[in-house]
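Participant: Here you go, one structure.
The values are calculated or read from the model by the stated rules, or taken from the named source; none is laboratory data. Values in this document were obtained by computation on a predicted structure and should not be read as measured data. Cβ atoms come from the backbone with ideal geometry, glycine included; neighbour counts cover every protein chain shown.
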Amino acid sequence: MKRPTVFSLVREQSMFMTAIMSLLTFLSVLALGIALAIGTGVMRWNSQWDLFATVQVMSSENVASVKKTIDANMNKIDSVKQITTDEMNNLMRPWISGGGALKNYLPTMWEIKFKSADDMKSAESEISKNARFLTHASALKSSTSAGWKMIVLSGLVLLLTLGAIGVCISYIARNTAMLHKRELEILNQIGASDSFVANQMQTIVARIAATATSFGLIAALPVLLLILSTAKSARVGLMAMMGLSGMGWLSLILLPIAIVVFSIWITRRTTLNILKNS
């Protein structure tokens, strides 16, 4: 037989708690989703470029020797492409005008993809004697660093929202206990245990939290999908690599459940502390 609750939150408290938990769940899911999406983007970004390198020869006298060294290391190379002057002019056009004069200062460049990191390292020691050897991973290190900073910021927002949920629930549980102080005294007089009273509060909070987190999740998912589609449409840079795996989506779905469990735990702990000190 289902036990009825002895008391419940007043209407204003119930509405406030539902609204604030919906908002905080929305922010939590969004923060976690963005952190996971950027993390996925950083890993894809690194895996895409960690075997690429650019060779730049500034002096025309060294072009032949560098070309010979590259040919000698073809067993370590997956693909090699020499960048033409026209391609370099197109890359530099937004920043520098006067393509004719620019040709005199452009280096001879190759873009090389190696078969493994060890192959890249061994070839680098030979090629760098007469040319500048620049790995794409090191050149794009600033983008990767920015991605990790964004992940940290998203994680901080997630922790702050979870902390806000804990504070709100603790305050509401304490306020409810004060409002129903007489009922609590009667329950104590008839022999009700502190655990019974805590279970009453847990039942109330669990119902509200389940409803509120559902609203927050439903509102956050379309916004997150919009952010991911916008990033993907960029078609360039780290943003284009952002995405969520199956485990990422599962984590987002499990987060509201974790918030409900966290809310129940905070409620029980707060209620028991109040009863012990009253």
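Participant: Within the range 212-245, track down each residue that is of a type in the set (V, I, T), at pLDDT 90 or above and surrounded by fewer than 19 Cβ atoms within 10 Å (Cβ to Cβ).
Facilitator: I218, V223
Participant: Would you check if T85 is surrounded by 16 or more Cβ atoms within 10 Å (Cβ to Cβ), modelled with pLDDT of 70 or more and either in contact with a Cys (Cβ under 9 Å, 6 or more places away or on another chain) or polar (S, T, N, Q) (or both)?
Facilitator: no
Participant: Among the listed residues T211, T230, T203, identify the single one that is in a helix (DSSP H, G or I) and over 24 Å from M21 (Cβ atoms).
Facilitator: Of T211, T230, T203, the one residue that is in a helix (DSSP H, G or I) and over 24 Å from M21 (Cβ atoms) is T230.
Participant: If you don't mind, there's one more thing I want to ask. Would you be able to say whether some residue in the range 39-53 is modelled with pLDDT under 85 and farther than 30 Å from T230 by Cβ?
Facilitator: Within the range 39-53 (the criterion being modelled with pLDDT under 85 and farther than 30 Å from T230 by Cβ), the answer is yes, since at least one residue qualifies.
Participant: Report, by residue number, each residue of the range 160-176 that is over 28 Å from the mean Cα position of the chain (by Cα) and either free of Cβ contacts under 8 Å to residues at least 12 places away in the same chain or exposed (fewer than 13 other Cβ atoms within 10 Å of the Cβ) (or both).
Facilitator: Hit for the range 160-176 is Y171, nothing else.
Participant: Can you tell me which of V205, V261 is at pLDDT below 90, hydrophobic (A, V, I, L, M, F, W, C) and under 30 Å from S154 (Cα atoms)?
Facilitator: None of the others qualify; the one that does is V205.
Participant: If you go through the range 246-262 one residue at a time, how many are surrounded by 13 or more Cβ atoms within 10 Å (Cβ to Cβ), aliphatic (A, V, I, L, M) and under 16 Å from V223 (Cα atoms)?
Facilitator: Total meeting the criteria: 1.
Participant: Could you figure out which of (1) outside any loop (DSSP other than H, G, I, E, B); (2) of a type outside the set (A, V, I, L, M, F, W, C); (3) more than 25 Å from G163 (Cβ to Cβ) isn't true of S263?
Facilitator: (3)
Participant: Could you list, in sequence order, all residues of the range 105-159 that are without any contact (Cβ under 8 Å) to a residue 12 or more places away in the chain and either buried (at least 19 other Cβ atoms within 10 Å of the Cβ) or under 24 Å from G41 (Cα atoms) (or both)?
Facilitator: Hits for the range 105-159 are S138, K141, S142, S145, K149, V152, L153, L156, L159.
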